[in-house]
Structures are given as C-alpha cells and as structure tokens.
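The values are calculated or read from the model by the stated rules, or taken from the named source; none is laboratory data. Keep in mind it's a predicted model, so treat the numbers as computed, not measured. Here the Cβ positions follow ideal geometry from the backbone for every residue, glycine too, while neighbour counts run over all protein chains shown. Calculation scope for accessible area: heavy atoms of the full protein, side chains included, ligands and nucleic acids excluded. Shrake-Rupley method; radii C 1.70, N 1.55, O 1.52, S 1.80 Å.
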Amino acid sequence: MEPAIVKAISSQVHVSLANASTTAEKVVGANAHTAAVRIGVVHGFLVYMALVVDSNNNFHGVLIDAGNGKVLASTQMSMAAMMQSGMGVNLMGPGMGMMQHGMMKGPGMMTGHP
C-alpha cells in the first residue's frame, strides 16, 4: 500500500483494534470472545468488522465505527449463513462475508462473487 494511502487511513482511525474487539464482546454479552476482527470500508465508512462467539457458542457479526468506537450494527448469525456467505473459508480474506446476512452490504464486502 502506498504511504499516502496508509497515512490517510490511519488519520481516520481513532479506535484501536483491541478496543474494537472489547466493545464487540461487551455488545454480545458476558463471556463473549472475539474470534476475528478486521478493518474495512462499508458504504464509504471505515469500520471494524468483528466475529464474536457468545457463551452459548453462537456467532455474532458486529460493526464498529473505527473513528468513534460506536457500534453500528450487531446481529446473530447461524452457522449455515456463515458457511453460505463464505465466512468459514474467507474469514480474514477480502470482504468478510458475514455482513451479507442481516448487516451491512457495501463496496468491498463479499457477496458470493469473486
């Protein structure tokens, strides 16, 4: 990535990945654990996309604003929805398909097409 792009992106990130992970866990509930977090763009906004496992081993997708740390969306996901969206295979790949099922879809988000 070009230094100018990295500088532009980093100037918009005011929340650390660790803080985004903690926020996602708190939203999902007690004893929740973050399985993965990645930064990306949804509808032109820089967000963290977190996959969180709750105390009953249910998966949740959580979107957190990378600028202010606010939770933008949170939804429980079935294993079937995760597998259908490619979550099981492309967890940290370009797009994180979890946002396709009940959350936000946008540029850069995986829609089942290459």
Non-local residues with an amide H under 5 Å from the amide H of Leu72, with H modelled 1.01 Å from N and Pro and chain starts lacking one, are Leu63, Ile64, Asp65
To the nearest 10 square angstrom, what accessible area does Leu17 show with a 1.4 Å probe? 90
If we sort 44-50, 33-39 on the protection proxy, mean other Cβ atoms within 10 Å, highest first, what's the order? 44-50, 33-39
Label-to-label distance, nm, for residues given as Val13 and His43 (7 Å Cα→Cβ offset): 2.3
